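Everything below concerns the one structure shown next.
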Amino acid sequence: MTPAQLKELGFTLPPTQADLPFDDNGVMETQRHKLQMELLIDGIDGWLESREDGYVGGNMFVYYSLAQVRNQDFKGPDFFVALGVPKKERLSWVSWEEGKTPDVVIELLSPSTISADKGEKKTIYQDRLHTPEYFWYDPFNPEDWAGFRLQGGTYQAIEPDSSDRLISSVLDLALARWLGIYKGVETTWLRWVELDGTLLPTAAERAQQEAEQERQRADQAERRADRLAERLRAMGIDPDQV
């Protein structure tokens, strides 16, 4: 039966995205936390373009129970990915509308959140959302990072591989610490990489790669034209008159 038919029969339906809060009047965060979240989203956003489905979000409400709605005791992660869902805009992530909770979650640690991220939130992702993989990272202390995979209902630590990366078996990707510049800030960033070590490029990096490829194609075409002109001259033909 459709929601409209159930409502006509007197059933009380759970709230939808439009009914639930999706703005908490702005949570203060550092520039680096904001950029780190954008960098993680930017890489996965491009990766999802080659897939038929999937959604990436960050710093938005994630609803998993009506009790949570009543108590207003949980907002959502800094970053999350859900596979097998339509690509569309969302006000918030409402698990009973989507039919699932996020597949991968990342929290960015800060002095005010570190205790909750490593304790209360980790328990919520494990016991309530049953999120298959959970990671945390401190943008100001790159040594404080960790990953966990749900096994038998309990999070087990993901050990770094031989390249010092944390592997996401859900996404078949890895998280790596990368020293570089992103939007003018040079530091050690957390980035998504292919298992062969290739960085998932940002939109700006993709545009730069495309521009470089176009420049190379133009150079090759110019060299071919020059070689043809040389052959024509060797045959006594003026290429400018052809």
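Computed from the coordinates by the stated procedures, all read-outs in this text should not be read as laboratory data. All of these numbers come straight from a predicted model, not from anything done at the bench. Because the Cβ atoms are built from the backbone with ideal geometry, glycine has one as well, and the counts that use them run over all protein chains shown.
Test of understanding: ordering 48, 190 by Cβ neighbours within 10 Å, fewest first, what list do you get? Walk me through the intermediate numbers first.
On the way: 48 16, 190 24.
Listed from fewest to most nearby Cβ atoms, that is 48, 190.
Hey, can you rank 135-146, 194-205 by average C-beta count inside 10 Å, highest first?
Numbers: 135-146: 17.2, 194-205: 13.0.
Descending packing order for the listed peptides: 135-146, 194-205.
Return 133, 230 ranked ascending by Cβ neighbour count within 10 Å, so the fewest neighbours appear first.
Details: 133 24, 230 11.
With the sparsest Cβ surroundings first, the list reads 230, 133.
Would you please put 154-165, 56-67 in order of how densely packed they are, using the mean number of other Cβ atoms within 10 angstrom per residue and starting with the highest?
Top of the packing list down: 56-67, 154-165.
Give me the dipole magnitude in Debye, nearest 20, for the stretch 76-181 about the Cα centre, with unit charges on the beta carbon: positive for Lys and Arg, negative for Asp and Glu. Spell out each step's value before the answer.
Working: 11 positive and 17 negative charges, 57 e Å.
Dipole magnitude for the stretch 76-181 comes out near 280 debye.
Scan the stretch 27-107 for GluC sites (Glu not before Pro) in coil per DSSP, keeping those whose Cβ has at most 14 other Cβ atoms within 10 Å, and list them by number.
Values: sites: 29, 38, 49, 52, 89, 97, 98, 107; in loops: 29, 49, 52, 89.
Passing sites in the stretch 27-107 are 49, 52, 89.
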